[in-house]
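Comments concern the structure below.
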Amino acid sequence: MNSTSSPQSAATTTQVLGACPHDCPDTCSLLTTVQSGVAIKVQGNPAHPHTDGVLCTKVSRYPERTYHPERLLSPLKRVGPKGAGQFERVSWDVALHDIAKQLQAIADRGPDAGQAILPYSYAGTMGLVQGESIAARFFHQLGASLLERTICAAAGGEGLSHTLGAKVGMRVEFFAESKLILIWGSNSISSNLHFWRHAQVAKRNGAKLICIDPRQSETADKCHEHIALLPGTDGALALSLMHELIVNNWLDHDYLAQHTLGWELLRNRALQWSPERAAGVCGVTVEQIRALAKDYGASVASREPVAIRMNYGLQRVHGGGNAVRLIASLPALVGAWRHRAGGVLLSSSGSFPVQKAVLQRPDLLAGRLPRRLNMSSIGDDLLRPASAEFGPAIEALIVYNSNPVAIAPDSSKVVQGFAREDLFTVVLEHFQTDTADYADYVLPATTQLEHWDVHLSYGHTDALLNRPAIEPLGQARPNTQIFRELAARMGFSDPCFADDDPALCRQAYGDAVDFDALLANGFATLPTPEAPFAQGGFPTTSGKCEFFSARLAARGFDGLPGHVPNHEAFNTSKLYPLAMISPPARNFLNSSFVNVKSLRDLEGEPLLEIHASDAAARGIQSGDTVSVFNARGEYRCKAKISPRARPGVVNGLGVWWRKLGLSGTNVNQLTSQKLTDLGGGPTFYDCLVQVAGV
């Protein structure tokens with residue numbers, strides 16, 4: 001395998017170690033085959049135990065994305081109306097000079113004037129270097145507004161941290177030894193393939209798999225049971241499971257006494273949630289709840305490991321943070337943490353010793369305290385005038401690693417904001433996305449095959465290194481280089497702006513991860529215990545699993561988790577009687593890969609899955625174009641009558657680019673900017689709609 005520090009360009013065939021950059025818990029190690037300087041194949045690294053040589057369909061076609069005929073390969077300047085996608089090519093010198101001039105003019109107005117500038121980024125790459133390293137340093141030096149990056153996992157992460165102490169859990173490989181696995185809010189076949197392989201091993205060895213999800217997903221099809229609860233009712237189900245564990249004495253009393261905090265308080269709350277009460281809220285049967293609790297509670301007597309794999313879909317509702325707190329509490333009730341194959345996993349990212357302050361240099365703020373803006377409210381914030389409460393209006397927006405016009409909620413307002421003629425917008429991109437259409441400048445960024453990066457994972461505990469396999473195509477440049485050059489043009493003289501990408505890769509973990517191992521193997525395994533909480537030792541203030549969180553109580557929240565109903569709860573609106581969730585289409589990853597034709601061909605057209613009874617009541621047939629609407633807007637797509645939709649709930653598969661939709665919109669025309677109970681996250685799956693034929 002290639003071990004040099006630069007991409008291969010000679011007339012030879014080599015393999016280069018890399019890492020998948022996308023927002024997925026698997027964080028696969030890649031092998032890119034390069035022939036005469038051209039990447040001809042991307043495959044999973046067989047030497048990496050978690051990847052085991054296997055990739056999803058999307059990433060296995062990564063060369064098709066890198067060499068896409070519509071790839072942006074030179075800087076572009078807008079010459080038409082915003083949103084029209086009319087641009088002309090310009091040189092890097094012209095683009096960088098004008099961008100620096102515009103930003104400098106804003107910053108020069110005063111010590112806090114930089115707050116009128118907002119960075120907007122998320123997980124277009126999960127890389128620590130091409131994400132928030134030089135970019136963060138640049139915006140800190142500038143004094144720009146700080147972005148709260150909440151769009152995916154904020155509520156769940158907050159809930160987990162206030163219960164277990166951090167985003168930690170059981171090790172994914174030990175699910176293979178579990179005897180009962182609850183797959184809660186996750187379509188693992190599509191979004192967590194390598195976990196699913198462990199679950200299949202467990203299943204072959206006699207484990208029972210139960211899927212808890214409003215949608216009858218591809219994963220639900222392969223499980224022994226499926227519990228199709230209503231969106232946003234996961235917390236009520238968890239409380240009712242606790243009720244049954246208590247009344248039947250399916251409890252590990254010793255573990256509860258030694259390693260938990262607030263058990264009596266939680267016990268009293270759970271006893272208010274009989275299966276009958278929860279069944280009415282969740283839209284499932286009493287028998288399903290009792291059977292699930294019996295299966296879970298049986299582990300106390302059998303002393304066999306039981307495990308829960310959560311994913312982030314369940315926390316994209318009003319009560320998402322509390323729901324995660326309740327589900328994360330369940331293993332302590334039955335002592336599941338005593339086993340290495342027991343417990344819960346939502347995210348492992350808290351295990352990684354990232355040197356965040358070294359990478360991002362918040363000290364460059366030099367005492368300034370810029371305002372914080374939530375990326376999930378970008379639609380409202382772009383339309384806010386200056387005020388004493390809000391501060392200056394947003395005058396400049398720099399977008400990288402994100403496509404907010406497509407992926408942010410309440411997209412009609414997002415579009416209005418991006419269409420402002422007085423908003424100066426720069427977008428770093430691979431393609432002419434919905435967001436790029438509204439830019440004043442579009443700057444061509446490199447793909448993962450063309451730059452250095454280093455990664456953590458939220459699904460396993462290996463750090464990964466990505467080497468550039470090929471030279472950047474055309475005039476594309478890494479994000480880091482673009483922000484370095486902007487910093488130079490703005491006179492930022494701190495030596496940190498001269499750090500090159502290999503140096504940044506080393507800084508990401510410092511001495512906490514063996515960088516030589518990363519160079520040699522492409523990955524390095526963190527030293528983590530097999531059964532991290534068998535003897536307690538949670539990374540909370542108390543060292544215990546905190547059912548009651550004093551930190552939350554001190555902030556004015558309920559310190560005890562409970563069921564928080566949806567903002568738009570099912571059966572509360574005559575105008576909009578259907579609940580809608582918008583899980584990702586199987587061959588897309590958020591809005592990435594939508595423009596890869598082979599993957600888009602697999603998806604066909606934007607779809608709404610609808611139950612036969614709901615379709616019949618509206619005279620809808622499969623293949624009909626339908627209008628899905630609420631007070632926020634309308635979205636047109638094709639209906640598919642499907643058992644994957646439960647009665648009363650429709651599934652708007654996403655996230656299609658707006659410009660590739662049937663009427664220039666996508667499913668986020670319907671979602672709201674209301675936030676979750678904890679973490680300020682978005683509530684994509686907390687959305688009432690009506691559906692009609694057109």
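With the condition kept exactly as written, say whether any residue in region 221-230 is more than 23 Å from Pro305 (Cα to Cα), out of contact with any strand residue (DSSP E or B) (no Cβ under 9 Å at 6 or more places or on another chain) and not acidic (Asp, Glu).
Of the residues in region 221-230, the ones more than 23 Å from Pro305 (Cα to Cα) are 221, 228-230.
Now restrict to residues that are out of contact with any strand residue (DSSP E or B) (no Cβ under 9 Å at 6 or more places or on another chain): none.
The answer is no, given that none of the residues of region 221-230 is more than 23 Å from Pro305 (Cα to Cα), out of contact with any strand residue (DSSP E or B) (no Cβ under 9 Å at 6 or more places or on another chain) and not acidic (Asp, Glu).
Which ones in region 402-446 are part of a loop (DSSP other than H, G, I, E, B) and crowded, with 24+ Cβ neighbours inside 10 Å? I'd like the intermediate steps shown before the answer.
Kept after step one, since they are part of a loop (DSSP other than H, G, I, E, B), are these residues of region 402-446: 402-403, 408-410, 419-423, 430-435, 439-440, 446.
Of everything in region 402-446, those that are part of a loop (DSSP other than H, G, I, E, B) and crowded, with 24+ Cβ neighbours inside 10 Å turn out to be Ser402, Asn403, Ala408, Pro409, Thr433, Asp434, Thr435, Ala439, Thr446.
Just one of (1) out of contact with any Gly (no Cβ under 9 Å at 6 or more places or on another chain); (2) at pLDDT below 95; (3) under 25 Å from Gly185 (Cα atoms) trips up Asn590, so point out which.
Answer for Asn590: the failing condition is (1).
Looking only at region 378-397, how many residues end up being touching a Phe, Trp or Tyr at 6+ places or on another chain (Cβ under 7 Å) and either farther than 25 Å from Arg632 by Cα or open to solvent by 10 Å² or more (accessible area, probe 1.4 Å) (or both)?
3
How about region 111-131: which of its residues are in a loop (DSSP other than H, G, I, E, B) and either aliphatic (A, V, I, L, M) or crowded, with 18+ Cβ neighbours inside 10 Å (or both)? I'd like the intermediate steps shown before the answer.
In the first step, residues of region 111-131 are kept if they are in a loop (DSSP other than H, G, I, E, B); the result is 111-112, 122-131.
Across region 111-131, the qualifying residues are Tyr122, Ala123, Gly124, Thr125, Met126, Gly127, Leu128, Val129, Gln130, Gly131.
Under 9 Å by Cβ, and 6 or more places apart or on different chains, what pairs join a residue from region 461-479 that is touching a residue at least 24 places away in the same chain (Cβ under 8 Å) with one that is among the aromatic types (Phe, Trp, Tyr) and part of a strand (DSSP E or B)?
Cβ pairs passing all conditions: Asp462/Phe523; Ala463/Phe523; Leu464/Phe523; Leu465/Phe523; Asn479/Tyr400.
For every residue, the table says whether it meets (1) closer than 30 Å to Met242 by Cα; (2) touching a helix residue (DSSP H, G or I) at 6+ places or on another chain (Cβ under 6 Å); (3) open to solvent by less than 70 Å² (accessible area, probe 1.4 Å).
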| site | (1), (2), (3) |
| --- | --- |
| Glu568 | yes, no, yes |
| Met580 | yes, no, yes |
| Ala585 | no, yes, yes |
| Phe593 | no, yes, yes |
| Val596 | no, yes, yes |
| Gly604 | no, no, yes |
| Ala616 | no, no, no |
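Filter region 21-47 down to the residues that are out of contact with any strand residue (DSSP E or B) (no Cβ under 6 Å at 6 or more places or on another chain) and crowded, with 24+ Cβ neighbours inside 10 Å and list them by number. Please lay out each step first, then the result.
Residues of region 21-47 out of contact with any strand residue (DSSP E or B) (no Cβ under 6 Å at 6 or more places or on another chain): 21, 23-26, 36-38, 44, 46-47.
Pro21, Pro25, Asp26, listed by residue number.
A quick yes/no check of all residues on (1) open to solvent by 10 Å² or more (accessible area, probe 1.4 Å); (2) closer than 27 Å to Leu164 by Cβ; (3) in a helix (DSSP H, G or I):
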| site | (1), (2), (3) |
| --- | --- |
| Ile210 | no, yes, no |
| Asp221 | yes, no, yes |
| Leu245 | no, yes, yes |
| Tyr255 | no, yes, yes |
| Arg269 | yes, yes, yes |
| Glu287 | yes, no, yes |
| Lys294 | yes, yes, yes |
| Gly297 | no, yes, yes |
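Looking at (1) more than 24 Å from the chain's Cα centre (by Cα); (2) in contact (Cβ under 8 Å) with a residue 12 or more places away in the chain; (3) open to solvent by 10 Å² or more (accessible area, probe 1.4 Å), can you tell me which one Ala166 breaks?
Failing condition for Ala166: (1).
Quick one: which residue in Ala153, Ala199 is touching a residue at least 60 places away in the same chain (Cβ under 8 Å) and in contact with a Cys (Cβ under 9 Å, 6 or more places away or on another chain)? Give the derivation first.
On the way: Ala153 fails: in contact with a Cys (Cβ under 9 Å, 6 or more places away or on another chain).
Of Ala153, Ala199, the one residue that is touching a residue at least 60 places away in the same chain (Cβ under 8 Å) and in contact with a Cys (Cβ under 9 Å, 6 or more places away or on another chain) is Ala199.
Filter region 593-649 for residues that are among the basic types (Lys, Arg) and modelled with pLDDT of 95 or more and give the result.
First, the residues of region 593-649 that are among the basic types (Lys, Arg): 597, 600, 618, 632, 636, 638, 640, 644, 646.
Those that are among the basic types (Lys, Arg) and modelled with pLDDT of 95 or more: Arg618, Arg632, Arg636, Lys638, Lys640, Arg644, Arg646.
Regarding region 303-323, can at least one residue be identified that is within 30 Å of Gln507 (Cβ to Cβ) and of a type in the set (Phe, Trp, Tyr)? Before you say what the answer is, go through the steps one by one.
Looking only at region 303-323, we keep the residues that are within 30 Å of Gln507 (Cβ to Cβ), and these are 312.
Still in the running and of a type in the set (Phe, Trp, Tyr): 312.
Yes, region 303-323 contains a residue that is within 30 Å of Gln507 (Cβ to Cβ) and of a type in the set (Phe, Trp, Tyr).
Could you please let me know if Phe523 is surrounded by 21 or more Cβ atoms within 10 Å (Cβ to Cβ), over 30 Å from Pro75 (Cα atoms) and touching a Lys or Arg at 6+ places or on another chain (Cβ under 8 Å)? Outline the logic, then answer.
Numbers: surrounded by 21 or more Cβ atoms within 10 Å (Cβ to Cβ): yes; over 30 Å from Pro75 (Cα atoms): yes; touching a Lys or Arg at 6+ places or on another chain (Cβ under 8 Å): no.
So Phe523 fails the test.
Quick one: in region 176-199, which of the residues that are open to solvent by 50 Å² or more (accessible area, probe 1.4 Å) and of a type outside the set (Asp, Glu) is nearest to the chain's Cα centre (by Cα)?
Once the filter is applied, the top-ranked residue is Arg197.
Across region 356-377, which residue is least open to solvent (accessible area, probe 1.4 Å) among those that are among the charged types (D, E, K, R) and in contact with a Leu (Cβ under 9 Å, 6 or more places away or on another chain)? Lay out the reasoning, then the answer.
Step one: filter region 356-377 for residues among the charged types (D, E, K, R), giving 356, 361, 363, 368, 371-372.
Cutting the leftovers down to in contact with a Leu (Cβ under 9 Å, 6 or more places away or on another chain) gives us 356, 371-372.
Details: Lys356: 125, Arg371: 33, Arg372: 145 Å².
Selected residue: Arg371.
Restricted to region 102-124, and to residues that are within 30 Å of the chain's Cα centre (by Cα) and modelled with pLDDT under 95, which residue is farthest from His430 (Cα to Cα)?
Among those that are within 30 Å of the chain's Cα centre (by Cα) and modelled with pLDDT under 95, it is Ala123.
So which residues in region 447-479 are among the charged types (D, E, K, R), farther than 28 Å from Ile117 by Cβ and not in a loop (DSSP other than H, G, I, E, B), if there are any at all? Give the derivation first.
As a first pass, look at region 447-479 and keep what is among the charged types (D, E, K, R): 450, 453, 462, 467, 471, 477.
Narrowing further to those that are farther than 28 Å from Ile117 by Cβ: 462, 467, 471.
Result: Asp462, single match.
Give me the pairs, please: first residue somewhere in region 649-663 and touching a residue at least 40 places away in the same chain (Cβ under 8 Å) and on the phi > 0 side of the Ramachandran plot, second residue anywhere and open to solvent by less than 20 Å² (accessible area, probe 1.4 Å) and of a type outside the set (S, T, N, Q), beta-carbon distance under 9 Å, and either six or more positions apart or on two chains.
none
Looking only at region 278-289, count every residue that is over 32 Å from the mean Cα position of the chain (by Cα) and of a type outside the set (A, V, I, L, M) and tell me the total.
Our first condition is that a residue be over 32 Å from the mean Cα position of the chain (by Cα); within region 278-289, this holds for 286-287.
Still in the list and also of a type outside the set (A, V, I, L, M): 287.
Within region 278-289, residues that are over 32 Å from the mean Cα position of the chain (by Cα) and of a type outside the set (A, V, I, L, M) number 1.
Hey, any hits in region 319-342 for a residue that's open to solvent by 40 Å² or more (accessible area, probe 1.4 Å), under 30 Å from Val247 (Cβ atoms) and of a type in the set (Ser, Thr, Tyr)?
Scanning region 319-342, I find no residue that is open to solvent by 40 Å² or more (accessible area, probe 1.4 Å), under 30 Å from Val247 (Cβ atoms) and of a type in the set (Ser, Thr, Tyr), so the answer is no.
Scan (1) over 22 Å from Gln669 (Cβ atoms); (2) in contact (Cβ under 8 Å) with a residue 40 or more places away in the chain for the single condition Ser622 breaks and write down its number.
The number of the failed condition is (2).
Can you tell me which residues in region 224-243 are aliphatic (A, V, I, L, M) and assigned to a helix (DSSP H, G or I)?
Going through region 224-243, the residues aliphatic (A, V, I, L, M) turn out to be 227-230, 236-239, 241-242.
Of everything in region 224-243, those that are aliphatic (A, V, I, L, M) and assigned to a helix (DSSP H, G or I) turn out to be Ala236, Leu237, Ala238, Leu239, Leu241, Met242.
Sort out which residues of region 273-285 are of a type outside the set (Phe, Trp, Tyr), within 25 Å of Thr676 (Cβ to Cβ) and either touching a residue at least 24 places away in the same chain (Cβ under 8 Å) or crowded, with 20+ Cβ neighbours inside 10 Å (or both), and write them in order of number.
Applying the first criterion (of a type outside the set (Phe, Trp, Tyr)) to region 273-285 yields 274-285.
Remaining after also requiring within 25 Å of Thr676 (Cβ to Cβ): 277-284.
Answer for region 273-285, where residues must be of a type outside the set (Phe, Trp, Tyr), within 25 Å of Thr676 (Cβ to Cβ) and either touching a residue at least 24 places away in the same chain (Cβ under 8 Å) or crowded, with 20+ Cβ neighbours inside 10 Å (or both): Arg277, Ala278, Ala279, Val281, Cys282, Gly283, Val284.
The values are calculated or read from the model by the stated rules, or taken from the named source; none is laboratory data. The shown structure was predicted, so the numbers you read here are calculated from the model rather than taken from an experiment. Neighbour counts run over all protein chains shown; Cβ positions are idealised from the backbone, glycine included. When the accessible area is computed, the model is the full protein with side chains, heavy atoms only, and any ligands, DNA or RNA have been set aside. Shrake-Rupley method; radii C 1.70, N 1.55, O 1.52, S 1.80 Å.
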